[in-house]
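Visitor: Pasting a structure here, questions to come.
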Amino acid sequence: MGDQFLQYVLNGILSGGILALPAIAFSLLYGILRFPNFAIGTYITAGGFIAYAANVTLGLPIPLAFLLTMVLCGFLGVGVDQLAFRPMRERRPLTLAIVSIGVSFILENMARFIWGNDLRSYNLPVQRGMEWGGVRIGKEQLIILLVSLIFMVWVQLLLKYSRLGKSMRAVADNPMLASVKGIDSEGIIFRTSYLGAALTGAAGIMVGIDTAIDPLMGFKLILSIFAAAILGGIGSATTAVGGAFFVGFAEEVSMIWLPATYKSAIGFGMIVLVLLFRPAGLFRRTQVI
Amino acid sequence: MEKNDKGLTRRESLKVFGAGAGFLAMGFPIKLNAQEPIRLGTLCPLTGAGGPYGPQMQEAISRVVKEMNDSGGIHGRQIQLFHEDSQTNPEAAVRATHKLIEINKVIAIMGTWASAVTLAIAPICYNNKVFDISVSGADAISDLQDDDYIFRTQPNTFVQSGVYGQFALEKGWKKIAYIAIQTPYAKTFGDTFKKKVEAAGAKVVEYLIYEANKPSYRSELTKVLGSNPEHIVIMGYSPDSIVIFKELFKMGYKGGVVGPGFAINQKVVDNVGAEVAEGIYILDPGTDPQSPAYKNLVRLLGTTDINSYAAQTYDHINLIALSLAEGKVYFGTGIRDHLRTISNPPGIEVGSFQEGMKFLKEGKKINYQGASGACDFDGKGDILSRPFIFSQVKSGKMVTIGWIKG
C-alpha cells in the first residue's frame, strides 16, 4: 500500500501537469475577456489532431509537430475570437459562454468530419515504463511533465516581466483604465487568444501522446479544467496551476477510497465546495492574473 | 405577385415542375394502385463508441431491403427505410426514436447497439406497439415489462459471462481481475463470471467498474495491478480499451487479457501497436460463417470483413420481413406475433428473405437460420444460443483460434 500510495500521488502530478496548461489558458482568457471560454476543450482536440496530421500524415517528428501545433492552434484561437467572439464583445458573459459552447460543437464536429470518429495514436511506439522502488513512470510522461512545467514557468515570467504580460494584467485589472493609458485592448485580446489556444493545443498533443487522440478528448477534460480554474480563483493564471495540480491529485488519489465510477463527481464536488466556501478560490488571492 | 393567365405564378409553376422532376429523378415507381410502403427504422450507432460497427450494420439492412424491394417486396408491398444515428447515446437515441415513430410512422426499429440505448428507447417502442430488435446484451432488457415487443439477437449477459467463465477455466486461469466500463451489464456480467470461476476454485482478485470518457485510467489500473492479477477480463468499449491497453503495458503488466470484440478490434490493435496487443484474447458472440445466410451477407456487402453486429442486423431485417410475410399483419404487433413461427424449429431452414418467401408462398413452415447463429428465441425475446469465437492477437493481427458453442 505504501508503494501504491506514491504511485497514486505520481499519477495525480501527471494529471495535474496535463491540466495545468489549459487551466492557465482558461484563466488568462477569463481575466481578459470576462467570460468562461468552453471552446478551450476543443482547442485540446484541435491540438491533438493537428499534431496527428503533422506527425502521421506529414511524417514530421514529434518535437516539430509539437511546435507546429502550437503555432497553428494559436491562429485557430485568434480566428475563433475574431469570428465568434469579437462581434459579441459587449454582450453579457453568459451569452459569450453559450457562444463558446457552440464554437466547441462546431470545431469538434469539424474534427469528426475531417478525421472521423476513430481513435488514433501518434507514430510513437508505446514503451514499458521505468520503475523505482515500485513506482512506475513512462518516459513520455516524464517528458510531458517537464515540458508542461517549462511552459508554466515561461507563462509566469511572461506575465510578470514582459511588456505584453504587464499590458495583459492591466487590461484584466481595469480595461477602461488600461485603454485610457493607451493600451490597445483589442491587440491584447488578440495576443491572449493566441497564447491561450497555443498552450491548450500543446496540452492536446500531450494528452494524445499519453493516451489517444479522438474528437472527444477535449470534452473529457473540460470539467477538470473548469474545476482547476475555479479552485485557483478563476482569472488568475498563477493559482490556476495550483488548482490544476490539486484537481489532478484529488481525482487520482481518491481512487484509493472511492469507487472508480465516482471520478467525475470529484471535479463537480470540488466546484460546488469551492463556490460555497471559498468563492475567491482555494488560494484566496485577490490579484488578477 | 400577379397571377398569369393560367392562374399560376411563374414561381409556382416552377415549383410544380421541380417537384415532378424530383419525383421522377428519385425513381419512385409510379403505380396507380401502389400500396402504402412498410415503414421500418434503423437506429444504428453511426457515431460514438459503436461508431466502428454502426455504418456496416445499417448498410447490411439497406442492401437486404434493396433486394427485397427489387424482388417484389412483401406480398407486393415495398419496404421504406428511415435511418437515424443513435450516437451510442441514450438521449440522442430517445429523440431519434420519437422522430422515427411519430413522424416517420415506423412499425419496427432495428439495430440498437449499447444496452443503455436499448433500455432508453424500449418503453417508447412498446408503448407505441412498435417492435424493437437490438444487438444489446444487458439482462435488464430481458426483465422489461415489454408486452413482448422487445427482441434481441445478442445473447444475454448470463449466456455470455458463462462462456467467459468456461474459457477462463479451460485456460486454467487462477488469479483474475475483472474490469468493466460502467454499463447496465457490467455488474451482472461480473457477478455471474465471478460466481462461475470461484465455484471452480479460481479467484477474482479485483473487481473494478470504471467511468467512460476519462482521459486516463492510470489510477484505476494502479488499483487493479495492486492485487497482482495474472489475467484480466476487460469489458470495455474500444475508446477506453485503447487507453487501458497502453497504460497496462507502460505499467509493466505482462499477464493475459481477454475481452469482447467491442473492446478489442483490429483498429484497437493498430492503435496500440503489435507489441502492446500481443497475446490478447478476444471472445465474442460470433457469426456462423458456414451458414448460407452469412454467405449471402458476404455477397451483399462485397466483403468478408463483416462485424458480428452487421451479421445480426442482416438477421433483424430478414426476421422482420419474414414475420410480416407470414402473418400479413403489417404492424409491430404482427412482427411480434409471428416472429417465433418463422425463426424457431421446426420448419425448413432458410437463410434469406427470398428463400423464405418461396416456402411461405407454398404454405410451408420455415425456420430462419441467420448469419449470426440459429436465431431461436425464448419467451422473453432472448436468443437461446449463439456460436462464440475466440481469437488472439498475434504479431498485430487477430487470428481465430477456436470456437465455443454458447
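The values are calculated or read from the model by the stated rules, or taken from the named source; none is laboratory data. Computed from a predicted model, the values in this text were never measured in an experiment. FYI the Cβ positions are ideal-geometry reconstructions off the backbone, even for glycines, and counts take in every protein chain you see. Heads up: the accessible areas ignore ligands, DNA and RNA and are worked out on the full protein's heavy atoms, side chains in. Shrake-Rupley method; radii C 1.70, N 1.55, O 1.52, S 1.80 Å.
Visitor: Taking the solvent-accessible surface of protein heavy atoms with a 1.4 Å probe, what is the per residue accessible area of the stretch B:325-391 in Å²? Intermediate results must be reported in sequence, preceding the final value.
Guide: Working: 2630 Å² over 67 residues.
Value returned for the stretch B:325-391: 39 Å² of accessible area per residue.
Visitor: Same structure again: Calculate the mean, over all residues of peptide A:259-268, of how many other protein chain Cβ atoms lie within 10 angstrom of the residue's Cβ.
Guide: Per residue, the average neighbour count from other chains is 4.
Visitor: Using a 10 Å cut-off on Cβ to Cβ distances, tally the other chain neighbours for every residue of B:273-284 and report the average as a whole number.
Guide: Working: counts 4, 1, 4, 4, 1, 0, 0, 0, 0, 0, 0, 0.
The per-residue average across the peptide is 1.
Visitor: Calculated FRET efficiency, B:Phe158 and B:Glu91, Cβ-Cβ r, R0 22 Å, to nearest 0.05?
Guide: The value I calculate is 0.20.
Visitor: Okay, next question. Which three semi-axes in whole Å describe the equivalent ellipsoid of the stretch A:160-289, each the square root of 5 times a Cα gyration tensor eigenvalue, listed largest first?
Guide: Details: eigenvalues 192, 76, 22 Å².
Over the Cα atoms of the stretch A:160-289, the ellipsoid semi-axes are 31, 20, 11 Å.
Visitor: Could you name the lysines whose alpha carbon sits less than 30 Å from that of A:Lys166, not counting residues in the same chain fewer than 8 places away?
Guide: Straight-line reach from A:Lys166, under 30 Å: A:Lys181.
Visitor: To the nearest Å, what is the center-to-center distance of the stretch B:361-406 and the stretch A:46-61, using C-alpha atoms only?
Guide: 41
Visitor: Please work out the C-alpha center-to-center distance from the stretch B:211-238 to the stretch B:150-191 and express it in whole Å.
Guide: With the stretch B:211-238 and the stretch B:150-191 each reduced to a Cα centre, they are spaced 16 Å.
Visitor: While we're on this one: When DSSP assigns beta bridges and you keep just the ones with both residues in chain B, what percent turn out antiparallel, to the nearest 5?
Guide: 30
Visitor: Which loop trypsin sites (Lys or Arg not before Pro) in the stretch A:159-239, with loop taken from DSSP, have no more than 12 other Cβ atoms within 10 angstrom of their Cβ?
Guide: A:Lys181
Visitor: Right, another one. Based on DSSP H runs of at least 4 residues, each adding -39500 (n - 2.57), what is the mean residue ellipticity at 222 nm of chain B after dividing by all its residues, to the nearest 500 deg cm²/dmol?
Guide: So the calculated ellipticity at 222 nm is -12500 deg cm²/dmol.
Visitor: Roughly speaking, what is the centre-to-centre gap between the stretch A:108-155 and the stretch A:214-267 when only Cα atoms are used, to the nearest Å?
Guide: First find each Cα centre; the distance between them is then 17 Å.
Visitor: Per q in 0.12, 0.16, 0.18 Å⁻¹, report the Debye log10 I(q)/I(0) for the stretch B:220-346, using one uniform scatterer on each alpha carbon and no solvent.
Guide: Calculated log10 I(q)/I(0) at the listed q: -0.64, -0.84, -0.94.
Visitor: Could you work out the mean count of beta carbons from other protein chains within 10 Å of each residue's beta carbon in B:242-250?
Guide: If you average over the peptide's residues, the count of other-chain Cβ atoms is 5.
Visitor: Then there's this: Would you mind giving the total buried accessible surface between chains A and B, with a 1.4 Å probe and ligands, DNA and RNA left out, rounded to the nearest 100 Å²? Please report the intermediate quantities before stating the final value.
Guide: Details: alone 14160 and 17840 Å², together 28860 Å².
Buried area (both sides, nearest 100 Å²): 3100 Å².
Visitor: Below 8 Å between Cα atoms, with a sequence gap of 6+, how large is the relative contact order for the stretch A:91-203 in percent?
Guide: Answer for the stretch A:91-203 is 9 percent.
Visitor: OK, next. Work through the residues other than B:Pro123 whose Cβ is under 11 Å from its Cβ and net out their charges, Lys, Arg +1 and Asp, Glu -1.
Guide: Summing Lys/Arg as +1 and Asp/Glu as -1 gives -3.
Visitor: Past 26 Å, Cα to Cα: identify those pairs from B:Lys129/B:Lys194; B:Lys187/B:Lys250; B:Lys196/B:Lys380; A:Lys263/B:Lys187; B:Lys203/B:Lys397, in the order given.
Guide: B:Lys129/B:Lys194; B:Lys187/B:Lys250; B:Lys203/B:Lys397
Visitor: Same structure, new question: I'd like to compare B:302-313, B:237-248, B:374-385: which one has the highest average count of other Cβ atoms within 10 Å, and what's the full order after that?
Guide: B:237-248, B:302-313, B:374-385
Visitor: Give the accessible surface of the stretch B:77-211 per residue, rounded to a whole number of Å², with probe radius 1.4 Å and ligands, DNA and RNA excluded.
Guide: In whole numbers, the stretch B:77-211 has 36 Å² accessible per residue.
Visitor: Separate question: Could you work out what % of the accessible surface of the protein assembly as shown is carbon and sulfur, using a 1.4 angstrom probe and leaving DNA, RNA and ligands out of the count?
Guide: Accessible surface attributable to carbon and sulfur in the protein assembly as shown totals 61 percent.
Visitor: Taking the simple approach of a point 7 Å from Cα along Cα-to-Cβ for both A:Phe268 and B:Asn127, what is their distance in nm?
Guide: Output for this residue pair reads 2.4 nm.
Visitor: A follow-up question, please. Report P(r) for the stretch B:218-267: all Cα-Cα distances, bin width 5 Å, range 0 to the bin holding the largest distance, values in whole percent.
Guide: It works out to 5, 20, 35, 27, 11, 2, in whole percents.
Visitor: Now for a separate question. Please give the peptides B:38-50, B:389-401 ranked by average Cβ packing (other Cβ atoms within 10 Å per residue), highest first, as a rough proxy for protection.
Guide: Details: B:38-50: 24.8, B:389-401: 15.7.
Top to bottom by mean Cβ count within 10 Å: B:38-50, B:389-401.
Visitor: Quick one: what do you get for chain B if you divide its Cα Rg by 2.2 N^0.38 Å?
Guide: 1.10
Visitor: For the protein assembly as shown, report the convex hull volume of the alpha-carbon atoms normalised per residue, in Å³, without decimals.
Guide: 194
Visitor: Still on this structure, please answer the following. When N counts the residues of the stretch B:304-406, how does its alpha-carbon radius of gyration compare numerically with 2.2 N^0.38 Å, as a ratio?
Guide: It is 1.23.
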